[in-house]
Amino acid sequence: MNHEPLLRLFEDRPGEYISGESMSQELGVSRTAIWKQIRKLEAAGYHFEASRRLGYRLLSVPDNLAVEELTSRLNTRSFGKTIHYFETVESTQNLARTAAEEGAAEGTLFLAEQQVSGRGRMGRNWVSPRGKGVWMSMVMRPSVPIHFAPQLTLLTAVALCRSLKRVTSLPIGIKWPNDLLIGGKKISGILLESAAEDERLRYVIAGIGISVNLEESDYPVELLEKATSLRISAERKWVREDIIAEFLKEWEQLYFLYQEQGFSPIITLWEALSVSLGKTARLMTPQGDITGIPIGLDESGAIRIQLADGTVKPVFSAEMGEPL
């Protein structure tokens, strides 16, 4: 059974309950078939209210991204000029990597309403329910040595933080290296994966997850102490097309700035947005734990940690704990 005739019944009777028997008679199918279609529509983001006596009524339809509207809002040269949109994918990161291997141009963007195997740093799963966030990956082709890849991660965090603050006016800050926080709770995940040849980057796949309109019920209970969304923080919904368009514009501008002037301007912007500097923290590195005070970035993108004896140690890769 196609769900379109069923949806038309609800659209023709907005706000009304329709009994299962009535739907069955009008569409010429069994009540079991009606129930199965209702379940499929709910899985696709439609919300129904059920009453044993009255039947079902449609409360809301999914808030799908309008790609044409997004395209009309874009003010970029290459970022997002080609957009591949999907309802449900395992991971936009996988799609973008395949496209990059096949020669996709820089700025090619993959957007999904839902990821079933979204992932963040350290291989962690990322909560990405249908129609409530921005789940995207983009192909980048920077002409820089492979050891500059961490700089691109920090640049992406700066662009996302600046654009979200501009759109929402929320107090968003960056926890090293690239977590975006509101009140100590995470709202975004950034994952850059690269391929190199002869010490040069062939391409970088930048994966971005932004928790835009998630509600508390969308999170596992154990994550509510650590994660939040723009909607929860501001107590209002946001237009995802606005957020994506503003981010791509800021991201491209900083990317061109980086190519022209190097990493120094990005350091200044990152340090101004950081919530990690000046607070004693423990960093879990592959070589063991380090405790010290983050005091800034160096030119490579490493975080500079002042140890108890006053010496300063650069840390390139670590998991930063909460301030001590």
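The values are calculated or read from the model by the stated rules, or taken from the named source; none is laboratory data. Remember, it's a predicted structure, so these values are computed and weren't measured experimentally. Quick reminder, even Gly has a Cβ in these numbers, built from the backbone with ideal geometry, and neighbours come from all protein chains shown.
Observations on the model:
- In region 78-99, the residues that are more than 14 Å from LEU192 (Cα to Cα) form Cβ pairs under 7 Å with partners that are in a helix (DSSP H, G or I) and among the β-branched types (Val, Ile, Thr), at six or more places apart or across chains, as follows: ILE83/VAL67; ILE83/THR71; TYR85/VAL67.
- Of all residues in region 42-68, those that are out of contact with any strand residue (DSSP E or B) (no Cβ under 7 Å at 6 or more places or on another chain), surrounded by 12 or more Cβ atoms within 10 Å (Cβ to Cβ) and either among the aliphatic types (A, V, I, L, M) or over 23 Å from GLU4 (Cβ atoms) (or both) total 4.
- Every pair of residues 6+ apart whose Cβ atoms lie under 6 Å, when the first sits in region 1-20 and is without any contact (Cβ under 8 Å) to a residue 60 or more places away in the chain and within 11 Å of ILE38 (Cβ to Cβ) while the second is among the basic types (Lys, Arg) and surrounded by 11 or more Cβ atoms within 10 Å (Cβ to Cβ): GLY20/ARG31
- Any hit, region 240-251, residues being of a type outside the set (A, V, I, L, M, F, W, C), in the same structural domain as VAL167 (by TED's automatic domain parsing), loosely packed, with under 14 Cβ neighbours inside 10 Å and part of a helix (DSSP H, G or I): no
- Of all residues making up region 151-193, the number that are in a helix (DSSP H, G or I) and among the polar types (S, T, N, Q): 5
- Just one of the listed residues (ALA33, ALA50) is closer than 28 Å to LEU214 by Cα and out of contact with any His (no Cβ under 8 Å at 6 or more places or on another chain), and it is ALA50.
- Taking the criterion of being under 19 Å from VAL61 (Cα atoms) and among the β-branched types (Val, Ile, Thr), the residues of region 1-37 that qualify are ILE18, ILE34.
- Residue that is nearest to GLY133 (Cα to Cα) [pool: residues in region 217-239 that are charged (D, E, K, R) and either over 17 Å from the mean Cα position of the chain (by Cα) or part of a loop (DSSP other than H, G, I, E, B) (or both)]: LYS237
- Counted residues, region 18-41 - those being outside any helix (DSSP H, G or I), buried (at least 16 other Cβ atoms within 10 Å of the Cβ) and of a type in the set (Gly, Ala, Ser): 0
- The single residue among GLU271, GLU241 that is touching a Lys or Arg at 6+ places or on another chain (Cβ under 7 Å), charged (D, E, K, R) and modelled with pLDDT of 95 or more turns out to be GLU241.
- Some residue of region 143-150 being in a loop (DSSP other than H, G, I, E, B) and either buried (at least 21 other Cβ atoms within 10 Å of the Cβ) or modelled with pLDDT of 95 or more (or both): no
- Positions within region 275-324 being in a loop (DSSP other than H, G, I, E, B), polar (S, T, N, Q) and surrounded by fewer than 18 Cβ atoms within 10 Å (Cβ to Cβ), in sequence order: THR280, GLN287, SER300, THR311, SER317
- Just one of the numbered conditions (1) out of contact with any Gly (no Cβ under 6 Å at 6 or more places or on another chain); (2) outside any helix (DSSP H, G or I); (3) crowded, with 16+ Cβ neighbours inside 10 Å is not true of GLU87: (3).
- Here LYS279 meets the list (1) over 17 Å from PRO150 (Cβ atoms); (2) modelled with pLDDT of 95 or more almost entirely, failing just condition (2).
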